[in-house]
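> Sharing a structure below in structure tokens format, with a few things to ask.
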Amino acid sequence: MRKFFIPVSIATLLALVIAAVSLTSLHTDVQAAPVEHGRVVHVVEHAITDTVVDVGPKGDSVGDLLPFANPVFDAADTHKVGNDNGNCIRTVVGTAYECNWTTLLAGGQITVEGPYYDSGADSILAITGGTGIYKNVHGEMRLHARGNPIGSEYDFIFNLD
């Protein structure tokens, strides 16, 4: 039994060391490549899960919620590059929501806060933070409605400071 125990213990220890080295190098790669200030990150959200939750008086009213978790594609809208997760709250009936969400991309996440207009007009949201390669970013994101029908897709254009 002891002859079997020693090789298994050595194999397990070796596997743990290899896993630790792999994770450390992965973490180092992400940290070693921060985004450059002045860089633009452009992705396209497919708004397929947006759902209005009626809160308070029946119908469109202040306080209604608009939660979502949607796929995000590259600027050419051909390859999926991440997801987003967020929520909006109705602030002006028939006109505007105030939103916050996180866009999850390779290497990190970017979080934003700002208005969404029912009319489909562009809005500017503040970048409130990030993780990974986006750890120290600031700046703003332009939200632009697109798609067929309009508003079924959105350009997220992050201008990183």
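> Through the Karplus equation 6.51 cos²θ - 1.76 cosθ + 1.60, θ set to phi - 60°, convert the phi angles of region 143-154 into ³J(HN,Hα) values in whole Hz; use x for Gly and Pro.
9, 10, 6, 8, x, 9, x, 4, x, 7, 9, 9
> Moving on. Enumerate the amide H contacts of G139 below 5 Å, restricted to partners 5 or more residues apart or on another chain; note that Pro and chain-start residues carry no placed amide H.
Close amide H contacts, sequence-distant or interchain: I127, D161.
> While we're here: If you take the square roots of the eigenvalues of the alpha-carbon gyration tensor of region 40-160 and sort them as a ≥ b ≥ c, do you get rounded (a/c under 1.5), prolate (a/b over b/c) or oblate?
prolate
> Amide H to amide H under 5 Å from V81: which residues, 5+ apart in sequence or cross-chain, H placed 1.01 Å off N in plane?
V72, F73, D74
> Please rank V93, V43, V72, fewest neighbouring Cβ atoms within 10 Å first, as an exposure proxy. Please report the intermediate quantities before stating the final value.
Values: V93 13, V43 22, V72 18.
In increasing order of surrounding Cβ atoms, one gets V93, V72, V43.
> When the Karplus curve 6.51 cos²θ - 1.76 cosθ + 1.60 is applied with θ = phi - 60°, which whole-Hz ³J(HN,Hα) does each residue of region 108-118 get, with x for Gly and Pro?
Couplings: x, 10, 10, 10, 10, 8, x, x, 10, 9, 4 Hz.
Throughout, read-outs are computed from the coordinates displayed, never taken from laboratory work. Not measured: the values here are computed from a predicted model. Neighbour counts run over all protein chains shown; Cβ positions are idealised from the backbone, glycine included.
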